[in-house]
1. Please work out how much length the chain gains when fully extended from residue B:56 to residue B:14, using 0.36 nm per residue of separation minus the C-alpha to C-alpha distance, in nm with one decimal.
2. Taking square-rooted eigenvalues a ≥ b ≥ c of the alpha carbon gyration tensor, is region A:32-111 rounded, prolate or oblate, where a/c under 1.5 means rounded and, failing that, a/b exceeding b/c means prolate?
3. In region A:29-56, whose amide N lies under 15 Å from the spot 7 Å out along Cα-to-Cβ of residue A:112? List them in ranges.
4. Grab the beta carbon distance between residue A:77 and residue B:27, set R0 = 35 Å, and tell me the FRET efficiency rounded to 0.05.
5. Just B:22, B:94, B:75 to compare: in a GNM of chain B, with alpha carbon springs under 10 Å, which one fluctuates most?
6. Using 1/(1 + (r/R0)^6) with R0 = 22 angstrom and r between the beta carbons of residue B:75 and residue A:41, what's the FRET efficiency to the nearest 0.05?
7. For chain B, rounded, prolate or oblate, judged on the Cα gyration tensor with a ≥ b ≥ c (square roots of eigenvalues), a/c < 1.5 rounded, else prolate if a/b > b/c?
8. How many angstrom lie between the C-alpha centres of region A:97-116 and region B:45-111?
């Protein structure tokens, strides 16, 4: 089954304790992306990756890191989490290209992070 | 970053009624996408639009890519209870590979 998986689904942590949220897709997609969702703000893009070893900042990259060492995985790293990073996080993937269908992103189930 | 203004913020309608929501941007978009999000789930793509003026349907859903490339709308006809959820517009502007989402329209269908 084609899917995007994220782990963990729920995480409660304390300020300053490094954490990693994993994301994996099995569709051989080149493009992967991380979003955070906050009430009233919709989804905002944190980082995206066009392909292996290529990453770019989205709209709200501060406080986050990513890496893309393999095509299928795109982990999100919070080196020193703070309470304002409490949010619902989504990973997404799509294939690259300019044809119809190439812009259709597929989302993971989400990771709810609470930083106290 | 880009601002996508989505309206209305919320809707409460009777089952069987039609629904209309729209999204506007401050700049030109290459693509417009409409997603639905159920509680506890990630957004699921409903309709994708790729050129100005395009009108596309998916069952009871119809969406259009505005002629100016700065807006899009989504219609749902004859709403049913399972239409309940949050609907998001999203798009990629003419400037790169970033995606921007609207703030969402929360739809409640009263049986």
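Every number here is computed from the coordinates shown, using simple stated rules; none is lab data. All values derive from a computational prediction rather than experimental measurement. Cβ sites come from the backbone with ideal geometry, for glycine too, and all protein chains shown count toward neighbours.
1. My answer for the length gained is 12.6 nm.
2. Details: a/c = 2.12, a/b = 1.39, b/c = 1.52.
Cα axes put region A:32-111 in the oblate bin.
3. Flagged as within label range: A:37-39.
4. The computed FRET efficiency comes out at 0.65.
5. Ranking B:22, B:94, B:75 by mean-square fluctuation puts B:94 first.
6. Details: r = 25 Å, r/R0 = 1.14.
With R0 = 22 Å, the Cβ-Cβ based efficiency is 0.30.
7. Note, shape of chain B comes out prolate.
8. Centre-to-centre distance over Cα atoms comes out at 16 Å.
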